[in-house]
Structure formats: C-alpha cells, structure tokens
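**Student:** I have a structure here, written as structure tokens, and I will follow up with some questions on it.
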Number of protein chains: 2
Amino acid sequence: MIANTGVSYGVAVATSDAIERTLGAIRDQGGRVTDQRRAILRVLFERSDHVSVDDLVARVHDRLPDVHVTTVYRFLETLAQMGLVTHVHVGHGPAVYHLNDRRHAHIVCNACGIIEIIDEAMMGQWSVELERSLGFSLVDQHFALAGRCGRCRTG
Amino acid sequence: MIANTGVSYGVAVATSDAIERTLGAIRDQGGRVTDQRRAILRVLFERSDHVSVDDLVARVHDRLPDVHVTTVYRFLETLAQMGLVTHVHVGHGPAVYHLNDRRHAHIVCNACGIIEIIDEAMMGQWSVELERSLGFSLVDQHFALAGRCGRCRTG
DNA sequence: AACTTATCGCAACCCATTTGCAGTAAGTCA
DNA sequence: TGACTTACTGCAAATGGGTTGCGATAAGTT
C-alpha cells in the first residue's frame, strides 16, 4: 500500500481490485488465498512486464522475506493453468513471465535485452505466408525472436 | 565407408573430401586431428540435418564406442568458432546442431517435432516489416519458431 | 474448536551443458 | 626413430534453470 504512493490512487485501487478478483477466482476453484500468493500477485500486477522468477522472488521478498522460489514456480504454474500468465524464453537464461492480457509474440534485442511486443496481426500475416510456402501455421510463440533494436543498431 | 554403400560412390567421396578438408583446416590453425574428431565430422557430414548431441553421440558410438559427450560438446564448440556449425533450440529439450551451409531460420511443429527451414528471403522481408513498425531488425535466430505442420493440422 | 487438505519451505533431484584435472597421444623437431 | 610440447580426451564434479517428494503449517469448512 504505502509502497504504492508513487502511483495514482485510482490505479492502485484498480490494481488491488484486480488482485482481489484473481484471489477470488482461485478461492472459487477450491484454491487457497495466502499471504505469499497475494504478494506474488501484487508484484505481477504492479509490474506486469517480463519478469524472471528470480526478479519476482526478489521483489516479493521486499514484503515477505521468506517466500521460497519453489512457491513462486508452483503458483505461476497455477496461474498459467488458469490462463492468467504465460512465460517466454528470451534467450539462454531464465524464462520471463507476464500477465496474459493480450496475445502477442516477443522480440528481444541481442545487444541490450529490451523486449518488444510483436502484435497478433503481424504474426497472423506471417502465419499466412508460412502456410502458403511450407504448409506450417504459426502457433503461440514460447520463444522470443532475436533482433536488434534501433538504438543499438545506430548507437 | 561400408556403412555408406547406400549412397552413391561420388557422394561418399565428396563427403570424405569435405571431412578431410575440414580436418586440414583444423590442423592449419594448430588443432589436432583425432579419431574422435573424424568420427564426429563423419556423422555431421553424412547426416547434416538437425541432430541433438545425444543423437550425435549415439551415432558416433557405432564406430567409436568410448567417445565421451564432453568431447562432442567441446568439438562442436570448436567447429562453431570456425563458423562451420551452429545450433538451434527447438523447444525446451536439447539444442540441435547442423552444418552452417546456408543462412536460415527454423520452424518446428508443435505436434510431431518436424523441423522445416524458413529461407533467408522471407526472414529478410519480415525484418523489413519489423523495422518499419518497431525499429527492430531480425538477426540470426537461435530459437526456432513454433508452428504446426500441414500433416498435423489436418490429420 | 476440530478437521480436512491445499499450500509451504526445504532438500534432493533432473536435465542439458560446462569446467577442472590428470592422463594420453598428435604433431614437431632433433 | 625417440624425446618433447601441449592439444585433446575421459571422467567426475559443478552449474543453472526448473521440478518433485515430503513432513509441517495453516486456510477454509463443519
């Protein structure tokens, strides 16, 4: 709460609402609401970009220092099964997780590591081209494309 | 040699030539030619598609049963530094290696695991599109795209 | 308050790959 | 040919991301 004062009140409330709604959904399906889960969700919702499990754990520890990595992995798995989060591999390192708001693919800059979103329409178009030439259609991309961002190319 | 009789004599000779030429290049740069290396190259050249290290080791063992995985990893790394092989990740499992003949990207079928080649031209076109929309250009893809092949889609 | 069982923390494990090290042998040179 | 240097090898152990088994804890229910 207090850590949230940099953000506008409305946004903070919306975030809390979203968290509570998610926890409600978990309870509805027979799951249990714990401090650990609330803390993990808070980090995910406050910082919904692409977070590695280690980052996530570190940020959860700001509030709840004893949460174990395993707990995070298991809860992320639960959220994934609920369709709320997905993970992407952006290279050889650990996977990164994000809220599953919209369907998209990722491109990561080889040089600086920044991750950008490739929207569904463009991927759809590529899928059509691939279907014509190879018979393959594209499915949800679990691995990011590698590229080079404008800044790193010109810098 | 004998294992090669299914293939035309000319091809077998060409393969042997390519292997000896590679070994020569290794010697030229101060490297050493060993039975292990010759056997590994033979497998790579005879079956230059996308082989995992485990497959590679298994096939090397047909000739030389005591070659260690570590040796294979290390020699592949050497060949990679010479620009002769690359590896791609086709999913969560082990990487697959192939001779670095032509530049290309890979798409792997989610269902049956078959790997197809996406040619440079198509990738180049995508890169141009990405550059226009996000400022990113595509570089060599270390991870395969995920898709579904025609057979698995209709079957 | 008693009870059921989902979740937790921990330790141990799995898999692909890497590293340290002592022994072997490839290439070189007398 | 034999001595010599050092690249390469095999093995064991480590690394890193992630998963699993299990007894203890605590959320939700009666």
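**Student:** Return yes when B:Gly113 is of a type in the set (Gly, Ala, Ser), more than 11 Å from the chain's Cα centre (by Cα) and under 30 Å from B:Thr154 (Cβ atoms) and no when it is not. Even if it seems obvious, please write down each step before you answer.
**Tutor:** Numbers: of a type in the set (Gly, Ala, Ser): yes; more than 11 Å from the chain's Cα centre (by Cα): yes; under 30 Å from B:Thr154 (Cβ atoms): yes.
Spelling it out, B:Gly113 is indeed of a type in the set (Gly, Ala, Ser), more than 11 Å from the chain's Cα centre (by Cα) and under 30 Å from B:Thr154 (Cβ atoms).
**Student:** Also, I was wondering about something else. Which of the residues spanning the range B:35-72 are among the small types (Gly, Ala, Ser) and free of Cβ contacts under 8 Å to residues at least 24 places away in the same chain? Before the answer, list the steps.
**Tutor:** As a first pass, look at the range B:35-72 and keep what is among the small types (Gly, Ala, Ser): B:39, B:48, B:52, B:58.
Within the range B:35-72, just B:Ala58 meets the criteria.
**Student:** OK, next. For residues in the range A:110-135 being small (Gly, Ala, Ser) and within 8 Å of chain B (Cβ to nearest Cβ), which is surrounded by the fewest Cβ atoms within 10 Å (Cβ to Cβ)?
**Tutor:** Taking the range A:110-135 first, the residues small (Gly, Ala, Ser) are A:111, A:113, A:121, A:124, A:127, A:133, A:135.
Next cut, within 8 Å of chain B (Cβ to nearest Cβ) only: A:127, A:133, A:135.
Details: A:Ser127: 18, A:Ser133: 13, A:Gly135: 17.
Ranking the qualifying residues of the range A:110-135, first place goes to A:Ser133.
**Student:** Is there a residue being at pLDDT below 95 and crowded, with 17+ Cβ neighbours inside 10 Å anywhere in the range B:65-74? Before you say what the answer is, go through the steps one by one.
**Tutor:** In the first step, residues of the range B:65-74 are kept if they are at pLDDT below 95; the result is none.
For the range B:65-74, residues at pLDDT below 95 and crowded, with 17+ Cβ neighbours inside 10 Å: absent.
**Student:** If you don't mind, another one. Can you give me the number of residues within the range B:78-105 that are within 16 Å of B:Thr34 (Cβ to Cβ) and within 10 Å of DNA strand D (Cβ to nearest atom)?
**Tutor:** Total meeting the criteria: 1.
**Student:** Only one residue in B:Arg27, B:Arg59, B:Arg47 is open to solvent by 40 Å² or more (accessible area, probe 1.4 Å), in the same structural domain as B:Ala14 (by the TED database) and near DNA strand C (Cβ under 8 Å from one of its atoms), so which one is that? Talk me through it step by step, then tell me what you get.
**Tutor:** Details: B:Arg59 fails: near DNA strand C (Cβ under 8 Å from one of its atoms); B:Arg47 fails: near DNA strand C (Cβ under 8 Å from one of its atoms).
Criteria check complete, one pass: B:Arg27.
**Student:** When only residues in the range A:75-102 that are free of Cβ contacts under 8 Å to residues at least 40 places away in the same chain and open to solvent by 60 Å² or more (accessible area, probe 1.4 Å) count, which is nearest to DNA strand C (Cβ to nearest atom)?
**Tutor:** Within the range A:75-102, the match that is nearest to DNA strand C (Cβ to nearest atom) is A:His92.
**Student:** Of these, A:Glu46, A:Glu120, A:Glu131, which one is among the charged types (D, E, K, R) and either over 28 Å from B:Asp119 (Cβ atoms) or in contact with a helix residue (DSSP H, G or I) (Cβ under 7 Å, 6 or more places away or on another chain) (or both)? Please lay out each step first, then the result.
**Tutor:** Numbers: A:Glu120 fails: either over 28 Å from B:Asp119 (Cβ atoms) or in contact with a helix residue (DSSP H, G or I) (Cβ under 7 Å, 6 or more places away or on another chain) (or both); A:Glu131 fails: either over 28 Å from B:Asp119 (Cβ atoms) or in contact with a helix residue (DSSP H, G or I) (Cβ under 7 Å, 6 or more places away or on another chain) (or both).
Within the list A:Glu46, A:Glu120, A:Glu131, the selection yields A:Glu46.
**Student:** Can you find, within the range A:39-55, the residue that is nearest to A:Ala105 (Cα to Cα) among those that are modelled with pLDDT of 95 or more and either within 10 Å of DNA strand D (Cβ to nearest atom) or small (Gly, Ala, Ser) (or both)?
**Tutor:** Result: A:Ser52.
The values are calculated or read from the model by the stated rules, or taken from the named source; none is laboratory data. Everything numeric in this text was worked out from a predicted model, so none of it was measured. Cβ: placed from backbone, ideal geometry, glycine included. Neighbour counts: every protein chain shown. With ligands, DNA and RNA removed, areas are computed over all heavy atoms of the protein, side chains included. Shrake-Rupley method; radii C 1.70, N 1.55, O 1.52, S 1.80 Å.
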